[in-house]
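Notes follow once the structure below has been shown.
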Amino acid sequence: MDLKSLIRDIPDFPKPGILFRDITTLLRNPEGLRSTIDTLAEKCADFSVDFVIGMESRGFIFGAPLAYRLGAGFIPVRKPGKLPAAVHAIEYELEYGMDRLEVHQDALHPPDCRILIVDDVIATGGTAAATAKLVEQSGCQLVGFAFVIELKALAGRDRLPDVPIVTLIEY
Ligand code: AMP
């Protein structure tokens, strides 16, 4: 299925100069949504994943159904102040300033934790690299990344640890 044809390009969103790859048009297409999750699940089937981690918020949309298909659990990584129990946090650099991601302390505990990190888009790779650090600090094993879209010109994969990276659509 031609998933790329279901992605909508929005120029100058959220600020001038950014070409935003809008996945909502893919999500509202029943065959497109099913094909996206099924293909990610096929490509990740051999990773023996115990838990999928999805980053707020579009990582939740793809991460939870992918976890279901892989027979894994789902763990949300969230913006500060959203998770109710004790958290581990990681700070990371944005283009301007810093950002912070949090995960529940009791969500990640070795040894039975082979982790797949999932998001809609890998752009600079900063968000995924920070999430990978949270996983590494917990002692769990990061077994791969899965992204629906890769923006290759930004070379985000160069910032990620050396584990398999699954992507479906490249720009
Ligand atoms: P990154 O630069 O890899 O840390 O990207 C952070 C997040 O921003 C990703 O999870 C995407 O959801 C979003 N993002 C960055 N660039 C784009 C883009 N051009 N179109 C759509 N989403 C984007």
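The local environment of VAL103, defined by Cβ-Cβ distances under 13 Å, has a net charge of +1 under the rule Lys, Arg +1 and Asp, Glu -1. Computed over the chain with a Gaussian network model linking Cα atoms closer than 10 Å, the most mobile of ASP38, ASP12, ASP158 is ASP12.
As a calculated quantity, the FRET efficiency between ARG28 and GLU170 at R0 = 25 Å, using C-beta atoms, amounts to about 0.65. Heavy-atom accessible surface of MET98, to the nearest 10 Å², is about 110 Å², with a 1.4 Å probe and all protein chains retained. Taking 23 Å as the limit for the C-alpha separation, the pairs LYS43/LYS82; LYS4/LYS43; LYS43/LYS152 exceed it in the case of LYS43/LYS82.
Give me the net charge for the shell around PHE62: Cβ to Cβ below 15 angstrom, other residues only, Lys and Arg +1, Asp and Glu -1.
Details: positive: ARG21, ARG28, ARG34, LYS43, ARG58, ARG69; negative: ASP22, ASP38, GLU42, GLU56, ASP119, ASP120, GLU150.
Around PHE62, the surrounding residues sum to -1.
When the solvent-accessible area of the chain is split by element, carbon and sulfur atoms take up 51 percent of it, the probe being 1.4 Å. Looking at the stretch 1-79, the trypsin sites (Lys or Arg not before Pro) that sit in a DSSP loop and have at most 11 other Cβ atoms within 10 Å of their own Cβ are ARG28.
Placing pseudo-labels 7 Å out from each Cα toward the beta carbon at ASP12 and SER57 gives an inter-label distance of 2.5 nm. Reported to the nearest whole Å, the Cα centre-to-centre distance from the stretch 74-110 to the stretch 129-157 is 14.
Kindly provide the helix-only [θ] at 222 nm of the chain, computed as the sum of -39,500 (n - 2.57) over DSSP H runs of four or more divided by all residues, to the nearest 500 deg cm²/dmol? Provide the component values of the computation, followed by the final result.
Details: 4 runs with 45 residues, N = 171.
Using -39500 (n - 2.57) per qualifying helix, the result is -8000 deg cm²/dmol.
Taking all protein chains together and rolling a 1.4 Å probe, GLU42 ends up with roughly 130 Å² accessible. Apply 1/(1 + (r/R0)^6) to the Cβ-Cβ distance of GLN141 and MET1, taking R0 = 30 Å, and write down the FRET efficiency to the nearest 0.05. So the FRET efficiency works out to roughly 0.40.
Express in nm, to one decimal, how much length is gained between MET98 and LEU19 on full extension, taking 0.36 nm for each residue of separation and deducting their alpha carbon distance. Kindly include the intermediate steps, with their values, before the conclusion.
Working: separation 79, 0.36 × 79 = 28.44 nm, distance 2.23 nm.
Between MET98 and LEU19, full extension yields 26.2 nm more.
Across the stretch 147-163, coupling constants 3J(HN,Hα) worked out from phi with the 6.51/-1.76/1.60 Karplus curve, θ = phi - 60°, read 10, 5, 10, 10, 8, 5, 4, 8, 6, x, 5, 5, 8, 9, x, 7, 10 Hz, and Gly and Pro carry x.
The values are calculated or read from the model by the stated rules, or taken from the named source; none is laboratory data. Not measured: the values here are computed from a predicted model. Cβ coordinates were reconstructed from backbone atoms using ideal geometry, including for glycine residues, and neighbour counts include every protein chain displayed. Protein only, heavy atoms only, side chains kept; ligands, DNA and RNA dropped before computing areas. Shrake-Rupley method; radii C 1.70, N 1.55, O 1.52, S 1.80 Å.
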